[in-house]
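Asks: Pasting in a structure now, in structure tokens, and then I'll have a few things to ask.
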Amino acid sequence: MQPAYAERAANDGSTSFDVEALTNGDLLAFLLNRGGATLLVAGGATAVARNLLDALGGLSGLSRAGVDELAALLPTAKRFVPAETARSVAAAFELGRRAATEPSSERLRLRDSRDVAAWGMARLGALEHEELWLLALDGQNRLRAARRVAQGGLHGVSLRAADPLRHALRAAASGFILIHNHPSGDPRPSPEDVAFTRAVAQAAVVVGMPLLDHVVVTRDAFESVPMPEIG
């Protein structure tokens, strides 16, 4: 029998899996495998994760469990230290709690194209391949999430208007910004950039989540793609 999906993905060196599609048990199995080292017990990490969730009454109980309680419920196996794994699980939940309670005022506010360009030039300006990112904003133009939509070579990326919208909807954005780099060093929008911006803007109107800007960056320059008038 093949190992469960979570364990196969954890050990095949791949980073191209959809984490949002995984079950609670799959996600917990990743933590139990800790960096790709397979948990060598009957049923593997997936079985241990399922038993742990059952013993603690589900995800809510797991989130409240202390390190000692978690360690006592974990098996002892070769190259597996229950106390270390319990600390990893507890730390993951603590990060989630802190993210959920982080004051909104600490989020980056993107007031104009210059702010967007500063964000993008630091991350994308020196790349030798093209990447398109979506910046999801709340109602006060604070950054809710940043998601890479596509990545390509020097000849650009290939994508559809629906691709960035999917990320914006997942982030529950009030509005969103697109930003991508030109490895050529010329920030001027190409005809393809203009056409894609128009297509995304039109689709965004349909779902009630406006495209606010589309910025092109290089290492030391930027330019906004002209925003279309959508009637």
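FYI, it's all coordinate maths here, none of it is from the lab. None of the values given here were measured: they were computed from a predicted structure. Cβ coordinates were reconstructed from backbone atoms using ideal geometry, including for glycine residues, and neighbour counts include every protein chain displayed.
Asks: I need the phi-derived Karplus couplings for the stretch 46-55: 6.51 cos²θ - 1.76 cosθ + 1.60, θ = phi - 60°, integer Hz, Gly and Pro marked x.
Replies: Calculated HN-Hα couplings, in order: 5, 5, 5, 4, 4, 5, 5, 5, 5, 5 Hz.
Asks: A follow-up question, please. Among I179, I230, which comes first, then next, by fewest other beta-carbon atoms within 10 Å?
Replies: I230, I179
Asks: Within the stretch 132-231, list the GluC sites (Glu not before Pro) lying in a DSSP loop whose Cβ has at most 13 other Cβ atoms in a 10 Å radius.
Replies: Taking the stretch 132-231 and a limit of 13 other Cβ atoms within 10 Å, the loop GluC sites (Glu not before Pro) found are E229.
Asks: Counting other C-beta atoms within 10 Å, which of R50, R148 has the fewest, and how do the rest follow?
Replies: R148, R50
Asks: Then there's this: Enter the Cα centre distance for the pair the stretch 106-139 and the stretch 162-177, rounded to the nearest angstrom.
Replies: Cα centroid to Cα centroid, the span is 15 Å.
Asks: Restricting to the stretch 106-224, what percent of DSSP beta bridges are antiparallel, rounded to 5?
Replies: If I count the DSSP bridges inside the stretch 106-224, around 75 percent turn out antiparallel.
Asks: R0 = 41 Å: FRET efficiency of R98 with Q202, Cβ-based, nearest 0.05?
Replies: 0.60
Asks: May I pose another question? Can you give the extra length, in nm with one decimal, that the chain gains between E84 and E192 once fully stretched, where that is 0.36 nm per residue apart less the Cα-Cα distance?
Replies: 33.8 nm
Asks: So, with +1 on the Cβ of K and R and -1 on the Cβ of D and E, and no other charges, what is the size of the charge dipole of the stretch 106-224 about its Cα centre, to the nearest 20 debye?
Replies: Dipole about the Cα centre, nearest 20: 480 debye.
Asks: Which order results if H167, H214 are arranged by neighbouring Cβ count within 10 Å, fewest first?
Replies: H167, H214
Asks: How compact and how long is the stretch 106-224, expressed as Rg and Dmax of its alpha-carbon atoms in Å?
Replies: 13.0, 37
Asks: Gain in length, E229 to L169, computed as 0.36 nm per residue apart minus the alpha-carbon separation, to one decimal in nm?
Replies: This chain segment gains 19.4 nm when fully extended.
Asks: If you don't mind, there's one more thing I want to ask. Suppose the chain between R148 and S60 were pulled fully straight at 0.36 nm per residue; how much longer would it get relative to their current alpha carbon spacing?
Replies: Additional length available on full extension: 28.6 nm.
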